[in-house]
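Have a look at the structure below, then the notes.
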Amino acid sequence: MSETIIKEEVVKEEVVKKEINITSGQYVASAVRINQYPEGELHEIAFMGRSNVGKSSLINSLSRRNGLARTSGSPGKTQTLNFYKLMAKMSETDRREFFLVDLPGYGYARTGRSNRQQWAKFIEEYLLKSPRLQLACQLIDIRHAPMESDISTYKWLVENDIPVQVIATKADKLTRMGVKNNVAAIRKGLGMKGGNIIAYSSEKGLGRPELLDVIGQILLK
């Protein structure tokens, strides 16, 4: 093998291993109607999951901006679509902005049934009609088997051709073997036929490089 080919392969390997970095993040808007969405053509990546799944902690961990998304001990507190504008550093010369959209938690809400139905309507409207939505990240607590709401949400996303990335949160609460076994259980419970599950720990940063890589691939489209 020639020296030139070896150098080219080394360069390619370095490019593959290079991790994108989030350099800034800011809250932009909250919305329950289409006319309240922020303007622009930036790609959107939505985050959703049952209340108390650790969504706000993951958003803060991903962006490395403590307090960007407010965590709460009260499940179901988020009642709007919250838009955050993040800047991703792809390389020394390439910077790309995108919207991270925090969706209200499903499966529990400290409100009446009529309000829950209304929330479901505007969330569904966003997921089906936003032309900027590129990916829905569905968060599931790795410590438990998928609940009925997790399964129905995943199936609905797949049936409506919405790209979905499953993220198993709170991975630091289990051993390495426990993570492997429970990820397999989540895959089986959801009936996943393809794709991978990212095991994530907001406390230790486990899974962050893998999620950033997924985001980076979307931003390069």
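The values are calculated or read from the model by the stated rules, or taken from the named source; none is laboratory data. Fair warning: this is a prediction, and the values are worked out from it, not measured in the lab. Every residue, glycine as well, gets a Cβ built from its backbone with ideal geometry; the counts of neighbours run over all protein chains shown. We work out accessible area using only protein heavy atoms, side chains counted, and drop any ligands, DNA or RNA first. Shrake-Rupley method; radii C 1.70, N 1.55, O 1.52, S 1.80 Å.
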Task: Flag if Asp150 is within 14 Å of Ala185 (Cα to Cα) and acidic (Asp, Glu) - done: yes
Open item on the list: Let me spell it out: the conditions are (1) open to solvent by less than 20 Å² (accessible area, probe 1.4 Å); (2) farther than 22 Å from Pro163 by Cα; (3) in contact with a Lys or Arg (Cβ under 7 Å, 6 or more places away or on another chain); (4) of a type outside the set (Val, Ile, Thr), and Asn60 meets all of them except one. Which number is the exception?
Closed with: (3)
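Could you list all residues from segment 69-80 that are at negative phi and either modelled with pLDDT of 50 or more or open to solvent by less than 40 Å² (accessible area, probe 1.4 Å) (or both)?
Correct list: Ala69, Arg70, Thr71, Pro75, Lys77, Thr78, Gln79, Thr80.
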Task: Selection count, segment 157-175, where residues are among the basic types (Lys, Arg) and buried (at least 21 other Cβ atoms within 10 Å of the Cβ) - done: 1
Open item on the list: Suppose we filter segment 191-213 for residues that are crowded, with 17+ Cβ neighbours inside 10 Å, under 25 Å from Ser91 (Cβ atoms) and either of a type in the set (Phe, Trp, Tyr) or in contact (Cβ under 8 Å) with a residue 40 or more places away in the chain (or both); how many remain?
Closed with: 4
- [ ] Of the numbered conditions (1) farther than 27 Å from Leu42 by Cα; (2) in contact with a helix residue (DSSP H, G or I) (Cβ under 9 Å, 6 or more places away or on another chain); (3) open to solvent by 90 Å² or more (accessible area, probe 1.4 Å), Lys188 fails exactly one; give the number of that condition.
- [x] (2)
